[in-house]
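J.: I have a structure I would like to understand better, so I am pasting it below and will then ask my questions one at a time.
The values are calculated or read from the model by the stated rules, or taken from the named source; none is laboratory data. All values derive from a computational prediction rather than experimental measurement. Methodologically, a virtual Cβ is constructed for each residue, glycine included, from the backbone with ideal geometry; neighbour enumeration extends over all protein chains shown.
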Amino acid sequence: MKAYFTEQNHFYGTCNPQQLIQKYGSPLYVYNEAILRARCREMLRLVSYPFFAVSYSTKANSNLELLKIIRQEGLHADAMSPGEIVILEVAGFQSHEILFISNNVSAEEMQFAIDRKITVSVDSLSQLKLFGRLNPGGSVAVRINTGIGAGHHEKVITGGKKTKFGVSTEQIPEMKGIIKEYGLRLTGVNQHIGSLFMECEPYIEGVKAILEVAKQFEDLEFVDFGGGFGIPYQKQKGQKRLDLKSLGDSLDEIIAQWTREYGKDIQFKIEPGRYITAESGVLLGTVNAIKKNHSTTYVGTDLGFNVLMRPALYDAYHDIEVYKNGQLSKSEEYVSATIVGNICESGDIIAKDRDLPPIEEGDLLGIMDAGAYGYSMSSNYNCRLRPAEVLIQADGRCKLIRRRDTLDDLLRNFNLEKCPTII
């Protein structure tokens, strides 16, 4: 029997999808506070080691209200840009709770973090030199590429020999020379092997590799193991969850042995993004047209890749629920359909040849597990409007946490003498 995620989790609280669409428009991102808090707590309980921090990867979802909840739960945060730093500060994060994981940034961006006394992690020797010129004698962290990578698609593998990230282990002697030249203090090393691992082994292998590197430096304050914790995107097919208990037990054992050999307790960090927010989000959209081209049935929706980029970008899979008159369709009859959006691109496909209950114009679709890399990757391509975001609070009531774009927003940044009011 197919599992229905939103029904099992009372996802929509006191509302139903149709009521939400009528109130806030289509398409619409909907988040569930209870699920978000639960995922935060699971990460915080991952290991028993007392000096353990969970840094949420802001790029997964940077909605201000969600960030406030994440901080309430006790998480720190990673930032990739001055913009993410600013929104984290507005959400209440303090400088010591933010790690700026920079990648090919300008001197101005790096200085932005330095001025705020935020720890900067650099991921190349040239950026380490830049940091040294900007902040001689300062404290810095370095992202290391140990040669280990993992992920569900080549575009999300961030470790190994075919990625732009990190300082390779062969460059460590040169790295030490730069640190000495500018009188820097290396306070931490970090890594990220890739995104969406569902088995523990690659992550454990990466942890052991970064700890071997960490042994080469005295007086570190932290080692960051990275993120990439996967979630089961194919729940309707019975996909199992990542075994956090097994992973945590292994990490506890590795950490205990390493700290004994290192001679002191330091902080260990992880940086989940997807795991925290993905399952807390569902993207709702409306079926506008249905047609058959040759042997394929196309279900045309307002869910273009301007709203959800993941399937077009790296063939990501999302479970789909169908709603009729606001109610979940549980039909035992299935038809094969390809779900497409309203963007003028052949790649504007949400799901190919998917077995779904019969779908009619006016039905609503729910794209499951859309809380990570959904809205944060959305755009105004084709001059489409970005959707609103709504939070289903712990008491079941809905709350608007970002308004839908308006047509005026499309003109806001142009140099017009007077921006006409469209609507």
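J.: Tell me, which residue of segment 233-291 that is among the β-branched types (Val, Ile, Thr) and under 20 Å from the mean Cα position of the chain (by Cα) is farthest from Glu212 (Cα to Cα)?
T.: Per the stated criteria, the residue is Val282.
J.: Another question, then. Could you pull out the residue among Leu365, Leu385, Leu410 that is under 28 Å from the mean Cα position of the chain (by Cα), in a strand (DSSP E or B) and surrounded by 12 or more Cβ atoms within 10 Å (Cβ to Cβ)?
T.: When all the criteria are applied, what remains is Leu365.
J.: Would you confirm whether or not segment 49-59 contains a residue that is closer than 23 Å to Tyr375 by Cα, in contact with a strand residue (DSSP E or B) (Cβ under 9 Å, 6 or more places away or on another chain) and aromatic (Phe, Trp, Tyr)?
T.: Yes: one or more hits.
J.: Find the residue count for segment 327-341, including only residues that are in a loop (DSSP other than H, G, I, E, B) and either within 15 Å of Leu28 (Cβ to Cβ) or in contact with a helix residue (DSSP H, G or I) (Cβ under 7 Å, 6 or more places away or on another chain) (or both).
T.: Of the residues in that region, 1 qualify.
J.: What are the residues in segment 1-16 that are of a type in the set (A, V, I, L, M, F, W, C), surrounded by 12 or more Cβ atoms within 10 Å (Cβ to Cβ) and either at pLDDT 95 or above or not in a helix (DSSP H, G or I) (or both), if any?
T.: Correct list: Ala3, Phe11, Cys15.
Condition check ((1) outside the structural domain of Leu186 (by TED's automatic domain parsing); (2) touching a strand residue (DSSP E or B) at 6+ places or on another chain (Cβ under 8 Å); (3) assigned to a loop (DSSP other than H, G, I, E, B)) across all residues:
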{"site": "Gly206", "(1), (2), (3)": "no, no, no"}
{"site": "Ala209", "(1), (2), (3)": "no, no, no"}
{"site": "Gly227", "(1), (2), (3)": "no, yes, yes"}
{"site": "Pro232", "(1), (2), (3)": "no, no, yes"}
{"site": "Arg241", "(1), (2), (3)": "no, no, yes"}
{"site": "Gly248", "(1), (2), (3)": "no, no, no"}
{"site": "Glu253", "(1), (2), (3)": "no, no, no"}
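J.: Here's something else I'd like to know. Just to be sure, is Ile21 in contact (Cβ under 8 Å) with a residue 40 or more places away in the chain and buried (at least 19 other Cβ atoms within 10 Å of the Cβ)?
T.: Spelling it out, Ile21 is indeed in contact (Cβ under 8 Å) with a residue 40 or more places away in the chain and buried (at least 19 other Cβ atoms within 10 Å of the Cβ).
J.: Looking only at strands (runs of 3 or more DSSP E) that fall completely inside segment 260-313, which ones have 2 or more residues that are crowded, with 24+ Cβ neighbours inside 10 Å and either in contact with a strand residue (DSSP E or B) (Cβ under 8 Å, 6 or more places away or on another chain) or on the phi < 0 side of the Ramachandran plot (or both)?
T.: Counting at least 2 such residues, we get 281-293, 296-301.
J.: Please count how many residues of segment 211-258 are touching a residue at least 60 places away in the same chain (Cβ under 8 Å) and hydroxyl-bearing (Ser, Thr, Tyr).
T.: Residues in segment 211-258 being touching a residue at least 60 places away in the same chain (Cβ under 8 Å) and hydroxyl-bearing (Ser, Thr, Tyr): 1 in total.
J.: Here's another thing I want to ask about it. Count, please, the residues in segment 314-326 that happen to be more than 29 Å from the chain's Cα centre (by Cα) and either assigned to a strand (DSSP E or B) or of a type in the set (Val, Ile, Thr) (or both).
T.: 1
J.: Would you pick out the residues in segment 43-94 that are part of a strand (DSSP E or B), crowded, with 22+ Cβ neighbours inside 10 Å and touching a Ser or Thr at 6+ places or on another chain (Cβ under 7 Å)?
T.: Hits for segment 43-94 are Ala77, Asp78, Ala79.
J.: Does Leu308 satisfy the condition of being in contact with a Gly (Cβ under 8 Å, 6 or more places away or on another chain), more than 16 Å from Asn288 (Cα to Cα) and not charged (D, E, K, R)?
T.: yes
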